Amino acid sequence: MCGIVGAVAQRDVAEILINGLHRLEYRGYDSAGLAVVNEKNELQHVRRLGKVKALDEAVEQTPLLGGTGIAHTRWATHGEPSEANAHPHLSGNFAVVHNGIIENYEELRQLLIERGYIFLSQTDTEVIVHLIHWEMQNTNNLLHAVKQVVSQLTGAYGMVVMDKNDPSHLVAARSGSPLVIGLGIGENFLASDQLALLSVTRRFIFLEEGDIAEITRRTVAIYDATGQRVERVVHESNLENDATEKGKFRHFMQKEIFEQPTALINTMEGRINHNNVIIESIGNGAKDILKNVEHVQIVACGTSYNSGMVARYWFESLAGISCDVEIASEFRYRKFVTRPNSLLLTLSQSGETADTLAALRLAKKKGYMATMTICNVAGSSLVRESDLAFMTRAGVEIGVASTKAFTTQLATMLILVAVIGKLNGRINDEKEKEIVNALQSVPSEIEKALIFDKKIEKLAEDFAEKHHTLFLGRGEFYPIAMEAALKLKEISYIHAEAYAAGELKHGPLALIDGDMPVIVVAPTNDLLEKLKSNIEEVRARGGQLYVFADKEAGFIETDGMKIITMLTVNEIVAPIFYTIPMQLLAYHVALIKGTDVDQPRNLAKSVTVE
């Protein structure tokens with residue numbers, strides 16, 4: 001959610017910090033601020049409600065000069081969005097920026113009030129900086145003080161602390177909220193996401209759970225949760241520096257929709273050949289693990305949950321193994337039974353989703369045979385903490401409403417299904433060839449689907465005055481309907497629901513009238529005739545139908561029913577293909593509604609708190 005950037009350098013860093021915040025805007029936030037220490041050891045502090053642009057304008061009017069600084073974009077948890085609640089927070093000589101939630105902040109706040117501290121904000125973060133100020137009365141070592149403070153905290157935090165009287169260093173601590181160190185030449189940096197620092201470095205160290213780090217211009221010292229000095233691996237990033245630029249597109253979401261053919265090619269590269277899946281591409285030791293899998297437990301949130309719901313059909317129908325899918329925030333808080341030889345499969349775009357990460361850590365204590373993540377961010381917590389990591393290679397995704405991350409997750413899981421089915425003997429050479437050929441056809445088929453953009457833009461006009469929409473699908477297209485409803489509500493703020501079409505008569509039919517658009521995902525498959533019956537139930541009650549189907553489905557457009565004719569594609573990969581028009585529809589309806597497409601209200605890209 002929130003974004004952190006920090007720097008220790010010889011040059012002025014305010015511009016670097018603000019540029020980093022701009023690169024993190026996709027994460028979702030409501031206020032921004034920064035603090036810089038100048039050559040006179042004066043702490044300059046600016047905060048603004050709203051976008052980073054407002055902070056940028058304030059700094060242009062009153063330049064902040066200095067080589068050590070921290071900056072932050074806040075997504076409100078404790079306390080309303082306001083300048084007073086924006087970070088950094090100060091206490092005496094010290095400034096702090098913090099991501100996460102301090103669960104025991106109320107008791108700490110009361111303790112600090114009793115000690116004479118005055119609180120100027122409603123945030124949980126302010127207790128951290130006052131605790132640091134208190135601990136520094138007994139030591140002149142900021143690193144030691146931070147160690148003392150984190151031992152008193154319950155909850156999640158990624159924090160960076162600055163002392164105006166000793167600006168030669170920054171101290172950072174990570175528990176449950178990601179932090180990365182960027183290595184420069186005669187300068188070093190900190191951030192919550194490597195994207196923030198691509199303009200100044202390509203070399204990164206990802207802090208592990210419980211790490212505390214001290215950085216100066218020339219040194220980096222990292223201590224693990226036990227207090228021992230440790231060395232962490234330095235990673236060289238291959239992300240493009242212009243990944244956060246929209247280019248010719250109006251919005252990042254639009255760009256990312258149109259990037260899907262390329263993203264899917266990248267997903268499949270080196271993992272399939274003309275007729276086969278390449279088992280070794282999943283990673284060292286994967287074959288020995290996957291050949292013994294008898295059950296898959298998928299755990300995910302949001303869009304990733306929807307992709308897992310599609311994959312469940314593939315695991316069971318193609319690979320012949322049972323599969324359960326559960327929302328991470330539910331899975332981690334219920335008593336569950338671990339099945340024998342079960343693989344815990346987590347799905348996440350960012351690899352830092354708090355509930356999914358907590359579910360992984362819980363699963364490790366519950367006897368799962370192995371853990372695996374399908375993720376888009378190398379070096380993320382899920383990747384580092386799972387036994388196996390299968391990267392989607394979608395590239396940077398900025399839009400809060402996920403698009404290419406979803407379709408590449410589907411492609412990645414279909415490859416995984418083919419591998420497991422091949423290893424357990426349920427997928428023979430002929431079926432393996434069919435899956436591989438179907439996957440290889442998807443990028444070009446999506447290119448053709450994108451040609452529907454103008455037609456769907458025109459169709460979106462029908463939704464200009466609508467407040468509710470119903471999506472229907474059957475089988476593996478029910479989760480596609482779920483994802484379509486999620487996209488529409490996320491960015492257009494239209495209330496949208498998805499139902500398995502067979503459930504209509506069990507309640508949703510009560511909602512059908514002439515003002516309720518009903519969107520149906522209706523490719524030709526074994527459930528088509530059943531779906532047609534459900535469509536007739538809607539027509540009989542005066543509902544306005546929009547049916548996405550191929551020519552073979554045999555639909556004829558009539559009053560009250562518009563047909564959007566799609567290409568005929570292989571049934572196995574049809575869920576990936578039918579996702580594209582749903583994304584385009586949500587995008588164009590949002591444009592008509594005039595919403596903030598890339599940063600919809602109240603939402604964040606990377607949900608790093610419960």
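The values are calculated or read from the model by the stated rules, or taken from the named source; none is laboratory data. Here the structure is a predicted model, which means the values were calculated and not measured. Note that we place each Cβ from the backbone using ideal geometry, even for glycine, and neighbour counts take in every protein chain shown.
Checked against the criterion of being touching a Gly at 6+ places or on another chain (Cβ under 7 Å) and either surrounded by 15 or more Cβ atoms within 10 Å (Cβ to Cβ) or at pLDDT 90 or above (or both), the candidates ILE212, ILE222, ILE272, ILE298 yield just one match: ILE298. GLY158 fulfils the conditions (1) in contact (Cβ under 8 Å) with a residue 12 or more places away in the chain; (2) out of contact with any Leu (no Cβ under 8 Å at 6 or more places or on another chain); (3) under 30 Å from ASP355 (Cβ atoms); (4) small (Gly, Ala, Ser) except for a single criterion, (2).
For beta carbons closer than 6 Å, sequence separation of 6+ or different chains, a first residue in segment 27-48 that is touching a residue at least 40 places away in the same chain (Cβ under 8 Å) and under 23 Å from GLN194 (Cα atoms) and a second that is surrounded by 24 or more Cβ atoms within 10 Å (Cβ to Cβ) and hydroxyl-bearing (Ser, Thr, Tyr), the qualifying pairs are ARG27/SER606; TYR29/THR73; ALA32/THR73. For segment 58-84, the set of residues classified as part of a loop (DSSP other than H, G, I, E, B) and more than 25 Å from the chain's Cα centre (by Cα) consists of THR62, PRO63, LEU64, LEU65, GLY66, GLY67, SER82, GLU83, ALA84, listed by residue number.
For residues in segment 70-116 being among the charged types (D, E, K, R) and surrounded by fewer than 24 Cβ atoms within 10 Å (Cβ to Cβ), which is farthest from LEU190 (Cα to Cα)?
GLU114
If you go through segment 164-188 and keep only what is in a strand (DSSP E or B) and either hydrophobic (A, V, I, L, M, F, W, C) or surrounded by fewer than 23 Cβ atoms within 10 Å (Cβ to Cβ) (or both), you end up with HIS169, LEU170, VAL171, ALA172, ALA173, SER175, GLY176, VAL180, ILE181, LEU183. Candidates LEU112, LEU108, LEU143: the one that is assigned to a helix (DSSP H, G or I), over 23 Å from LEU49 (Cα atoms) and touching a His at 6+ places or on another chain (Cβ under 6 Å) is LEU112.
Taking strands (runs of 3 or more DSSP E) as the structural unit, those lying wholly within segment 497-610 and holding at least 3 residues that are under 34 Å from the mean Cα position of the chain (by Cα) and of a type in the set (Val, Ile, Thr) correspond to 517-521, 561-566.
The requirement of being under 30 Å from GLN440 (Cα atoms), in contact (Cβ under 8 Å) with a residue 60 or more places away in the chain and out of contact with any Leu (no Cβ under 9 Å at 6 or more places or on another chain) is not satisfied by GLN599.
Yes/no per residue for (1) modelled with pLDDT under 85; (2) buried (at least 16 other Cβ atoms within 10 Å of the Cβ):
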{"residue": "ALA496", "(1), (2)": "no, yes"}
{"residue": "ILE512", "(1), (2)": "yes, yes"}
{"residue": "VAL518", "(1), (2)": "no, yes"}
{"residue": "ASN534", "(1), (2)": "yes, yes"}
{"residue": "VAL547", "(1), (2)": "no, yes"}
{"residue": "GLU557", "(1), (2)": "yes, no"}
{"residue": "MET566", "(1), (2)": "no, yes"}
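What about ALA319, is it closer than 20 Å to ALA394 by Cα and either surrounded by 15 or more Cβ atoms within 10 Å (Cβ to Cβ) or touching a strand residue (DSSP E or B) at 6+ places or on another chain (Cβ under 7 Å) (or both)? The answer is no for ALA319.
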